[in-house]
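Participant: My questions will all concern the structure given below.
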Amino acid sequence: MRSIMRFYCLLLAFLAAVPFVVRAEDGSQLWLRFSKQGKPTGTVRITGGESTDATLMLAKQELQLYWKGMDVILKLDHRRKELKDGYQIRQHGNQVHVVAGRSVGLLYAAYHLLRLQETEGQIPNAGLTEIPSYDIRILNHWDNLDGTIERGYAGHSLWKWEELPYKLSSRYEQYARANTSVGINATVLNNVNASSELLKAEYLLKVKALADVFRKYGIKVYLSINFSAPKNLGGVSSSDPLNQDVQQWWNSKAKEIYGLIPDFGGFLVKANSEGQPGPQDYGRTHADGANMLADALRPYGGTVFWRAFVYHPTKDDRAKQAYQEFVPLDGQFRENVILQVKNGPIDFQPREPFNPLLGAMPNTAKMLEFQLTQEYLGFSNHLVYLAPLFKEVLDSDTYANGKGQTVSKLTDSRGHLGRKTAIAAVANIGLDTNWTGHHFAQANWYAFGRLAWNNNLSSVQIADEWIRMTFTGVQEFVEPIKKLMLESREAAVDYMMPLGLHHLFAFEHHYGPEPWGDIPGGRPDWMPWYYHNADSVGLGFDRTVNGSRAVTQYNPSLDKIYGNISTCPENLLLWFHHVSWNYRMNSGNTLWSELCFRYDHGVQKVREFQKVWDRMERYIDRSRFSDVQAKLRIQTRDAVWWKDACLQYFQSFSRQPIPYELERPIYELEDLKKIKLPMGHHN
Ligand code: BDP
């Protein structure tokens, strides 16, 4: 007995001596880990609301469980409409007063207080007011009804269609809570390459079950629809938007949906794009199609997100096509239609200039679509913190009507149209225990929510908050990891596609490099050579007035900057210009040497990330530490693969040596060409 006692005493003494005692973690709690130190104070009072209001009760409960500060008074004041989903927080003596115009505002405020507590932040003396930048802050899931996820790298779909509506997975509520904690208030459940099935009565009951779970978190459900649904599901012989039977079909479908889900959000539509049906199948325009759906949803307050990701295999530059297609339709869309525009003119590449549509169409409501799932950024193997990419786009000056008209200003609530505003991102969430595959991919979900709430936040601040909540507030961890995160996107650009290169991806999976890729008889606009145009003279896509003229889709002041090789930002140089191998870059290097330096720089950066990470072992739990360590190894191997593949391939055109001071290639180009990854692709 005594020896057992001694053993425990020794064990306790040992544990006390360990500098940072860390609990085992699997990432499942995301950034909602709420420290176990200190006791919750528990005194939370509500004024102005009903105890039957589930959202209000949730706000109270979250604070009672986790808040360790002074007493909190949550006040619901319906007259404060100007606050929208937002709130005010003030300190009065030894009480915290929170006011909101909607009950969800008090819930968001509860998460704000908890975030301050966990990050050791303060309520400013003058108090604080938060009003979201966008009305609709929405995730787009590309989930299929069979449980697979298009471009999903974190396991299967969260939605268990076969169990719904009878069985509700506990993850539905956890998912809603995580979203609400960062301000996300809407979700599209299914793939934009949509199956008509989901609109069948039996599936709508399943959708209703999810909407019922999400409601108290203030999250509305939307669906992607298949434009041919009237025809596919029977009853109507066509899906022509000007045909009255078709209109009637959608009107009664809307009625049926709202009968089940009174706060249903609306539809997301991918039409006449990559083989999907649409109004053009009947000689109608995108506006005809969008307006028909908008009319069906209008009586219930629903919204149509009509995607601008439209291009065809024509002779003209793919980057120009969405603009050509939509600009003539400006002003023709109903008030409850928002044009959903991908951040760049091609497709979620590591770096693209902002999509020129965002600076055009002044009489049309437009919204941004970002991609959280890392289709073109190393799936869930590479650590790439995306806030800098999002900020780069949001802060881009479109020069529409003079300087200062940034993409954020044109799309957020400052927009002059007075309509609903929105921002979307393709989700990176699946059934994996840690939700996103890579522990650091959680930061991208988090960052999207935070920026959708407040597009003025900086990437640094968001990273800082996320690290403290997700891992630890120990300075020796926070500072180096924040730096690593902030550098990670540029590192990926460098080892994959520096200087404005784009779409050098392998055709099937978009994971690795295939700049040589060519499928005889295949669509040119799906081939890497279409984008890089490597030849004996140089590299890059000439989109100037001498080339495809895509540059003229930007405002004239900007088009001059992009269109001139000496003023074009170097990080977009090969996007806009075909540049000769010996062209002198700002560094004094030739294009060829600069390209080599950039690829090498990307590789050196990830090697450095590995070293930084290994020093972090003592600050965090073993399991997340080793998961990230293993993924950084993969990322470094992949970075070398990218560099060796791209440089050796481009070298066959430049016919110049790789600068002698750089790391030598280790893979044979011919071997790299043989790599085929067994990754599924369904499109
Ligand atoms: C591309 C994806 C494809 C999507 C498409 C889209 O490769 O799987 O369906 O975008 O956004 O990036 O519609």
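Participant: Taking the simple approach of a point 7 Å from Cα along Cα-to-Cβ for both Arg584 and Arg615, what is their distance in nm?
Facilitator: About 3.9 nm, to one decimal.
Participant: Among the GluC sites (Glu not before Pro) within segment 249-337, which fall in a DSSP loop and have no more than 14 other Cβ atoms within 10 Å of their own Cβ?
Facilitator: Working: sites: Glu256, Glu274, Glu325, Glu335; in loops: Glu274, Glu335.
Loop-located and lightly packed - Glu274, Glu335.
Participant: What nm distance separates the two modelled labels at Asp535 and Ile561, each placed 7 Å from Cα along Cα→Cβ?
Facilitator: Using points 7 Å along Cα→Cβ, the separation is 3.0 nm.
Participant: Using per-residue counts of other Cβ atoms within 10 Å, averaged over each peptide, order 437-445, 658-666, 120-128 from highest down.
Facilitator: In descending order of packing, they fall as 437-445, 658-666, 120-128.
Participant: What residue among Gly473, His439, Trp306 has its Cα farthest toward the positive end of the dipole of the chain, where the charges are +1 on Lys, Arg and -1 on Asp, Glu, each on the Cβ?
Facilitator: Going by the Cα projections, it comes out as Gly473.
Participant: Also: Taking a threshold of 25 Å on the Cα-Cα distance, which of the pairs Lys253/Lys420; Lys220/Lys366; Lys220/Lys342 fall above it?
Facilitator: none
Participant: Can you tell me the dipole magnitude for the chain around its Cα centre, using point charges on the Cβ only (Lys, Arg +1; Asp, Glu -1), in Debye to the nearest 20?
Facilitator: Dipole magnitude for the chain comes out near 1860 debye.
Participant: Using the structure shown, list the pairs from Lys60/Lys255; Lys200/Lys391; Lys160/Lys611; Lys391/Lys673; Lys208/Lys270; Lys36/Lys391 with a Cα-Cα distance above 29 Å, or answer none.
Facilitator: From the list (Lys60/Lys255; Lys200/Lys391; Lys160/Lys611; Lys391/Lys673; Lys208/Lys270; Lys36/Lys391), the Cα-Cα distance tops 29 Å for Lys60/Lys255; Lys200/Lys391; Lys160/Lys611; Lys391/Lys673; Lys36/Lys391.
Participant: Over the alpha-carbon set of the chain, work out the extent along each principal axis and list the three values in angstrom, largest first.
Facilitator: Largest to smallest, the principal-axis extents are 76, 75, 49 Å.
Participant: Could you point to the residue in Pro678, Tyr667, Val579 farthest towards the positive end of segment 546-683's charge dipole, with +1 and -1 charges on the Cβ of Lys/Arg and Asp/Glu respectively?
Facilitator: Toward the positive end, the furthest listed residue is Pro678.
Participant: Shifting gears a bit: Find how many whole Å separate the alpha carbon centroid of segment 466-532 from the alpha carbon centroid of segment 142-156.
Facilitator: 21
Participant: A further question follows. Out of the DSSP beta bridges found with both residues in segment 44-130, what percent are antiparallel (nearest 5)?
Facilitator: Bridges in segment 44-130 that DSSP calls antiparallel: roughly 45 percent.
Participant: Relative contact order, percent, of segment 136-454 when contacts are C-alpha pairs under 8 Å separated by at least 6 residues?
Facilitator: 20
Participant: Right, something else. Under the 0.36 nm per residue contour assumption, what length would be gained going from the current alpha-carbon distance of Glu50 and Ser626 to full extension?
Facilitator: 202.6 nm
Participant: A further question on this structure: Treat each spin label as a single point 7 Å out from the Cα along the C-beta direction, and report the Asp316 to Ser238 distance in nm.
Facilitator: For Asp316 paired with Ser238, the spin-label model returns 2.6 nm.
Participant: How big is the dipole moment of segment 44-130 about its Cα centre under a simple scheme where the beta carbon of each Lys and Arg is +1, that of each Asp and Glu is -1, and everything else is neutral? Debye, nearest 20, please. Please report the intermediate quantities before stating the final value.
Facilitator: Working: 11 positive and 10 negative charges, 44 e Å.
About 220 debye.
Participant: Something else: Quick check on the chain: helices-only [θ] at 222 nm, where DSSP H runs of length 4 and up contribute -39,500 (n - 2.57) each and the sum goes over total residues. Nearest 500, please.
Facilitator: Numbers: 20 runs with 250 residues, N = 683.
Computed mean residue ellipticity for the chain: -11500 deg cm²/dmol.
Participant: Go through 640-648, 165-173 and give me the packing order, highest mean Cβ count within 10 Å leading.
Facilitator: Averaged packing, sorted descending, gives the order 640-648, 165-173.
Participant: Restricting the count to DSSP beta bridges whose residues both fall in segment 136-454, what percent are antiparallel, rounded to a multiple of 5? Write out the running numbers ahead of the final one.
Facilitator: Numbers: 2 of 33 bridges.
Restricted to segment 136-454, the bridges split so that about 5 percent are antiparallel.
Participant: Cβ neighbours within 10 Å, averaged per peptide: list 515-521, 387-393, 402-408 in order, most packed at the top.
Facilitator: In decreasing order of mean packing, 515-521, 387-393, 402-408 become 387-393, 402-408, 515-521.
Participant: A follow-up question, please. Which aspartates and glutamates have a Cα less than 16 Å from the Cα of Lys216, not counting those fewer than 8 places away in the same chain?
Facilitator: Glu50, Asp53, Glu62, Asp85, Glu173, Asp263
Participant: Normalised by the number of residues in the chain, what is the relative contact order in percent for Cα pairs under 8 Å and 6+ residues apart? Walk me through the numbers on the way to the answer.
Facilitator: Numbers: 1290 pairs, mean separation 82.9, N = 683.
Once divided by the residue count of the chain, the mean separation gives 12 percent.
Participant: Pull up the DSSP beta bridges for the chain and report the antiparallel fraction as a percent, rounded to 5. Show your work: numbers first, answer last.
Facilitator: Values: 15 of 56 bridges.
Taking every DSSP beta bridge with both residues in the chain, the antiparallel ones total about 25 percent.
Participant: Now a separate question. If you place +1 on the Cβ of every Lys and Arg, -1 on the Cβ of every Asp and Glu, and leave all else neutral, what size is the dipole of segment 461-614 about its Cα centre, to the nearest 20 Debye? It would help to have the intermediate numbers written out before the result.
Facilitator: Values: 13 positive and 19 negative charges, 61 e Å.
Dipole magnitude for segment 461-614 comes out near 300 debye.
Participant: Name the residue from Gln629, Ile658, Ser593 whose Cα lies farthest towards the positive end of the charge dipole of segment 573-683, charges +1 on Cβ of Lys and Arg and -1 on Cβ of Asp and Glu.
Facilitator: Going by the charge dipole, the pick is Gln629.
Since every read-out is calculated from the coordinates, none of them should be taken as a lab result. Since we're looking at a predicted model, the values are computed, not measured. Glycine also receives a Cβ, built like all others from the backbone with ideal geometry; neighbour counts cover every protein chain displayed.
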